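The values are calculated or read from the model by the stated rules, or taken from the named source; none is laboratory data. This is a predicted model, so every value here is computed, not measured. When we count neighbours, we look across all protein chains shown, and the Cβ atoms used for this are built from the backbone with ideal geometry, even at glycine.
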Amino acid sequence: MVTLRIDGLDVRAEEWWTILETARFYGLEIPTFCYREGLSPWGGCRLCIVEIGEGTNSRMVTSCTYPVTEGLIVRTNSKRGIEARKVLVELLLASCPSSKTIQDLASRFGVQKVRFKVEDEPCVYCGLCVRICAEQMGAKAIGFVNRGGDLKITTPFDRKSEECLRCGACMYVCPACQLRCQGTEAPGVVCGSCLCPQPTCLDSYPDLMCYMGAAGDCGTCVTEKPEQAK
Amino acid sequence: MLSKVMMHRIVTPEHLEELREKLLRDRASKTTRISVCAGTGCNAAGSRGVGDALIEEIRTRGLDTSVELKETGCHGFCEQGPIVVIRPQAIFYRQVKPEDVTEIISETVLKGNIIERLLYVDPATNEKIVREPDIPFYKRQSRIVFGDNGEIDPAEVSDYITVNGYSALAQVLSHMSPHEVIAEIKRSGLRGRGGAGFPVGTKWGFCAKAKGEVKYVICNADEGDPGAYMDRSLLEGNPHRVLEGMIIGGYAIGASKGFIYVRDEYPLAVERCRLAIQRAREYGLLGDDILGRGFNFDVELAMGAGAFVCGEETALLASIEGQRGVPRQRPPFPAERGLWGRPTNINNVETWANVPVIVSRGADWYSETGTANSKGTKIFSLVGKINNTGLVEVPLGATLREIVFDIGGGIPRGRKFRAVQTGGPSGGCIPASLLDLPIDYESLQEAGSIMGSGGMIVMDEDTCMVDIARYYTAFLHDESCGKCLSCRKGIQRMDEILTDITEGRGKEGDIELLEELATVVKDTTLCGLGQTASNPVLASIRYFRDEYEEHIKRHYCRAGVCRTLAKSPCQNACPAGIDVPRYIWLIGQGRLDEALAVVREKVPFPAVLGYTCPHFCEAKCRRGQVDEPLAIRLLKRSAADNDNGLWRANSRVLPPSGKKVAVVGSGPAGLTAAYYLAKLGHEVTVFEASPVVGGMMRLGIPEYRLPREVLQREINEITRVGVEIRTSSEVRSLDDLSAQGYDAVFVGTGASRATDMGISGETGASVLHGVEFLMDVNLGRSVKVGKRVAVVGGGNVAMDAARTARRLGANEVTVIYRRTRAEMPASEEEVEEALREGVRILYLAAPVGITGVNGRLQVQCTWMKLGGIDASGRARPVPVEGSEFTEDFDTVIAAIGERPEVPDGYALSLGTGGGILVDPDTLATSREGVYAGGDAVTGPASVVEAIAAGRKAAVSIDRYLGGDGEIDEQLAPPEEERPVIVEEGERYRPPVDMLPLAKRFEGFAQAELGFDEARAVEEANRCLMCDLEES
């Protein structure tokens, strides 16, 4: 066991715990987005950042990946951290305003305006789908490809995957995917409400048995992906 | 020679020594050693051809036994490649071509004669330098890591052995415990050269202590900063040195395996490393039981695919493991859990290359170099706007000034230094005010940059600092691995905002948003790439915020780089914004009248400018980078001299507005404001204190440069639109003007108060002030100068005074100037003409006192030398102690500057230099309805700047009076599409007719006669039409 101080509280934690696990164990709330119990922590969304250390040596780390150490001093809700989280949520919202999860976060953080060019990206690269596919389904059918502006999540070489179990877990965990939130267009970027998504591929595939209920154009049930076709 | 030893493993340290002695003995039989630089830079310049020719020449002359040829790695002085050095004399030949080879062998090698044309010429002294160590570029470096590059063939391990190679390894394996090695490295103070500067010995210590049977060492050669190539050059030029460092590191840490992670787009480095590993294995320097001391160690190459992020150590580890190169959380640090979960120590190429010299020469020796916390040397790749492009190795703590100016030779083409970017895209720009900063890890960080791996990109006045920030941000956006939201989207958003600013879509608040976003990206991102990605943005805002504001508020890019804002460099450089490319093209078509109309769209004084403008446009002309800039001023003069009145057809005067405006001063600022205001329908009266109209155009500029009738013609155009000019009407108080019913006032009273020199004896009767002297002459007063005249100063007033004195009968005129010709503010052609008219110029001299002796003046002077760059971007003159000298003169004219003198009765707020304080955007003064511009605000400047101020004031005053401030007119026929003609080859200006010297001193006849029409057309057709270039 190690002893550390979170938000002024001296707490004891198992040495393999992360800051996030410790905080949650003691009932201290840290917001997360790309974190999910049962999946390995990724630390991509940066929303769970906390400030560690003191004075000029303090720095911000993601609590979901940072291991506890003896004597560590953690502030989960410092001014610096809260201000940074607001900008992070604004960045998420600007790229993917159609996500209900993100709109909810915006509402929670009081983000009421978006100062960046609004995009409509289908993915926020939180990696939940990649991890659930590999870690819970054992399929490893999808992964990150490329970097920078070309980053995407796809099957190897964009080909129909032999490994994919068609389980739909990827869509189940996705906070942003087109399927999850296809409501009418929000009045402005900051939405606040989202309508039920409409099934889209049922029209083209009358025999489809979709596990997702409100199925859509995820492509897992399509033999030739449209992109591949051209 | 090689084949004899090749299959012989070196089995003991003693054996290594024997081999070294044997190699040195073999070499002693060669009387001459020639090294040809075969680094990538010289290779690109054609060194392979030179090398082949040398081999052939040596063979055919049968010199194999006495001459040894080495094709070496990079020597560092890439600007001068291909480089050939002949030892033992160390004769340095540069820019050698295969054709030179025969002569090099027959003259230099065989006869010992120097081939003058291949020598390096020091641009500072024009001296030819024979020996490599005497060249300033090398002389000021301490090349303890990089020095061997120029002497050894990187493909031969035996070459490395002759320069004491592997002796540090032998020493470590024979006499030192791993613990002692780490202690020695710690004591040396060596810090990581990859950028972060972590103490190397401490890092090794962590890894050595970590639990685990299997450990690794890794050489990080994933050099990816734009403009940085020191690691590549080390690997290409001296791979064994890096290997030796790694083996020593492996021994210290307890690792038996090492990796060199090198990017695939460094093919030569990859090949050299592969060969070095192979040779080291053959020699028993890698593998089992190295040097018979029981230590096993081997190295493998791991190839990177060129992702910038893989330079980050945890991403690098993932990449070697075969994963996608994505950084992960530290802790755990690689020293505990690194490659495949084993304790791993990662150091950069240059760090490893430092290790052997620390071991062999000792930590004490090593730590003598450097600063308190940053020991040793650092290799920088000096690139960008710098004369001596290349790799330089200097002690840490050297100043940027030493690197950029002493070693780098300063900025090409006399441009002003702007900033230097250290640390590549992860660093920041460092401005001229910090040139004396001693470079170490901490000082750079405090300045908002980082050491980084050692890229140093020099930027001059033609670099747009916003565009540079945008460039780096775009680079990092492409290179972000995409894991962290803050980095992936944050950098993308910064890139978008910066792109908007550079393309004229910047908004109020953008700078603050950039700062906020940059801080979050820096604070919340996992790895070094993202944490430092904000540096280019934050540093450029910190030091060049005014440039951001210019882009956003005024849609102006002073460097002329942002193509949306700056149509062409010439127009961008013109204070009045004249559409230069368009009128030049019209002149080229022989349509001089239409060209004049284009000029007239922006200025009411085309002829005055054509005769006298200091032509900021020509300094930026793109043709100047090919051969010679266009003679834009003379072309404008041709258009103005051929005025057929076409432009008047579309010139409009609006109906009376019922408003009255007073303009104080009839100089270019006042008359321009008056002209445009009158055209807008206002009733304008100009009050001029002197009896003549034109301000400095009439009183300051001598008649031989601007004939009176040329000026008068343009003044007539101004009165023609209804401007009333009252001469000999001094305005003492602005209250009087409001009492007379004027609704607005423009103050353009100029700057004609001469500055004193501040030396003894300057108040004597024979000591005149430049501007007063010129005014007296221009007013036709009787002015007497003696036969011997001294003019102090280096501006246009000084040149005018000197040439006027010549015309008044002085036969010996001496200009005394405290800097050199390069720093002289006077126009180039004025200096040329002054020299042609027999004016003597003493550069680097300054008067310190004047004594009157029997009606003559004895001027005591001192010689000066140039010190560091001051805030104005020019070198500061410093007196050379004990260098005083005295010269006799009859008259001394002090022309060292003027300042504005605004009457107290105006009750205007003034700045420190005595100029009127105005809002830079509107030229409004502290009094309502009163505007000011020209020299009265800025201090002495040029006619074209005064015209620009007059235009700006006219816009503001019209708006103040209820108008829309629209002063631009379409005077020329609509713009036509111009076909682009690409001209190959060099072509220079046609000659300009000048008045013969003999006739010049008879009076004040015009000296420069201008182009005739045919020459004007010929000259205009040299325009490259770079404004049509697709960006």
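Quick check: is even one residue across segment B:27-40 in a strand (DSSP E or B), among the polar types (S, T, N, Q) and crowded, with 21+ Cβ neighbours inside 10 Å? So far as segment B:27-40 goes, yes, one or more of its residues are in a strand (DSSP E or B), among the polar types (S, T, N, Q) and crowded, with 21+ Cβ neighbours inside 10 Å. Selection of helices (runs of 4 or more DSSP H) fully inside segment B:506-609 by the criterion of at least 2 residues being in contact with a Cys (Cβ under 6 Å, 6 or more places away or on another chain) returns B:535-553, B:569-573, B:580-588.
Results for (1) surrounded by fewer than 17 Cβ atoms within 10 Å (Cβ to Cβ); (2) assigned by TED's automatic domain parsing to the domain that holds B:E714; (3) part of a loop (DSSP other than H, G, I, E, B), shown as yes or no for each residue.
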{"site": "B:V859", "(1), (2), (3)": "no, no, no"}
{"site": "B:G868", "(1), (2), (3)": "yes, no, no"}
{"site": "B:E881", "(1), (2), (3)": "yes, no, yes"}
{"site": "B:G914", "(1), (2), (3)": "yes, yes, yes"}
{"site": "B:A941", "(1), (2), (3)": "no, yes, yes"}
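With B:R987, B:R978 as the choices, which residue is assigned to a loop (DSSP other than H, G, I, E, B), modelled with pLDDT under 90, outside the structural domain of B:V745 (by TED's automatic domain parsing) and surrounded by 11 or more Cβ atoms within 10 Å (Cβ to Cβ)?
Working: B:R987 fails: modelled with pLDDT under 90.
Answer to the check: B:R978.
If I ask for residues that are in contact with a helix residue (DSSP H, G or I) (Cβ under 7 Å, 6 or more places away or on another chain) and without any contact (Cβ under 8 Å) to a residue 40 or more places away in the chain, which ones from segment A:152-176 would you list? Result: A:I153, single match. Here B:L275 meets each of (1) within 14 Å of chain A (Cβ to nearest Cβ); (2) not in a loop (DSSP other than H, G, I, E, B); (3) not acidic (D, E) with one exception, condition (1). Go through segment B:704-739 and give me each residue that's modelled with pLDDT under 95, surrounded by 14 or more Cβ atoms within 10 Å (Cβ to Cβ) and of a type in the set (D, E). Within segment B:704-739, none qualify. Looking across B:V163, B:V101, one residue alone is among the aliphatic types (A, V, I, L, M), out of contact with any Pro (no Cβ under 6 Å at 6 or more places or on another chain) and within 24 Å of B:E393 (Cβ to Cβ). It is B:V163. Annotation: of all residues in segment A:62-80 being within 12 Å of chain B (Cβ to nearest Cβ) and buried (at least 22 other Cβ atoms within 10 Å of the Cβ), the one that is farthest from B:K489 (Cα to Cα) is A:V68.
If only residues of segment B:495-520 that are touching a residue at least 40 places away in the same chain (Cβ under 8 Å) and either within 10 Å of another protein chain (Cβ to nearest Cβ) or among the hydroxyl-bearing types (S, T, Y) (or both) are counted, the one that is farthest from B:P425 (Cα to Cα) is B:K507.
Given the residues B:E350, B:E282, which is the only one that is crowded, with 18+ Cβ neighbours inside 10 Å and more than 21 Å from A:V61 (Cβ to Cβ)? Reasoning before the result, please.
Numbers: B:E282 fails: crowded, with 18+ Cβ neighbours inside 10 Å.
Within the list B:E350, B:E282, the selection yields B:E350.
Could you tell me how many of the residues in segment A:54-66 are under 10 Å from A:L20 (Cβ atoms) and either of a type in the set (F, W, Y) or not in a strand (DSSP E or B) (or both)?
So the count comes out to 4.
The set of residues in segment A:110-147 being over 24 Å from B:G322 (Cβ atoms) and free of Cβ contacts under 8 Å to residues at least 60 places away in the same chain consists of A:G110, A:R115, A:F116, A:K117, A:E119, A:D120, A:E121, A:P122, A:C123.
Of all the residues that make up segment B:1002-1031, how many are assigned to a loop (DSSP other than H, G, I, E, B) and either aliphatic (A, V, I, L, M) or at pLDDT 90 or above (or both)?
Taking segment B:1002-1031 as the starting set, the residues that turn out to be assigned to a loop (DSSP other than H, G, I, E, B) are B:1002-1007, B:1011-1012, B:1021-1025, B:1029-1031.
With the extra rule that they be either aliphatic (A, V, I, L, M) or at pLDDT 90 or above (or both), the set shrinks to B:1004-1007, B:1011-1012, B:1021-1025.
Selection size over segment B:1002-1031: 11.
Within the bounds of segment B:807-821, is there any residue that is in a helix (DSSP H, G or I) and surrounded by 19 or more Cβ atoms within 10 Å (Cβ to Cβ)? Lay out the reasoning, then the answer.
Filtering segment B:807-821 for residues in a helix (DSSP H, G or I) gives B:807, B:821.
Going one step further and asking which of them are surrounded by 19 or more Cβ atoms within 10 Å (Cβ to Cβ), we end up with B:807.
Yes - at least one qualifying residue is present in segment B:807-821.
Screening A:G8, A:G44 for residues that are away from every other protein chain (no Cβ under 11 Å) and out of contact with any Leu (no Cβ under 6 Å at 6 or more places or on another chain) leaves exactly one candidate, A:G8.
Taking the listed residues A:E51, A:E37, A:E90, A:E83, the one that is in a loop (DSSP other than H, G, I, E, B) and either within 13 Å of another protein chain (Cβ to nearest Cβ) or at pLDDT below 95 (or both) is A:E37, with no other qualifying.
Annotation: B:V723 fulfils all but one of (1) touching a strand residue (DSSP E or B) at 6+ places or on another chain (Cβ under 9 Å); (2) farther than 29 Å from B:T925 by Cα; the unmet one is (2). Taking the criterion of being more than 10 Å from chain B (Cβ to nearest Cβ), surrounded by 18 or more Cβ atoms within 10 Å (Cβ to Cβ) and in a loop (DSSP other than H, G, I, E, B), the residues of segment A:97-122 that qualify are A:P97, A:S98, A:S99, A:V111, A:V114. Just one of the listed residues (B:P877, B:P825) is within 30 Å of B:V420 (Cβ to Cβ) and in a loop (DSSP other than H, G, I, E, B), namely B:P825.
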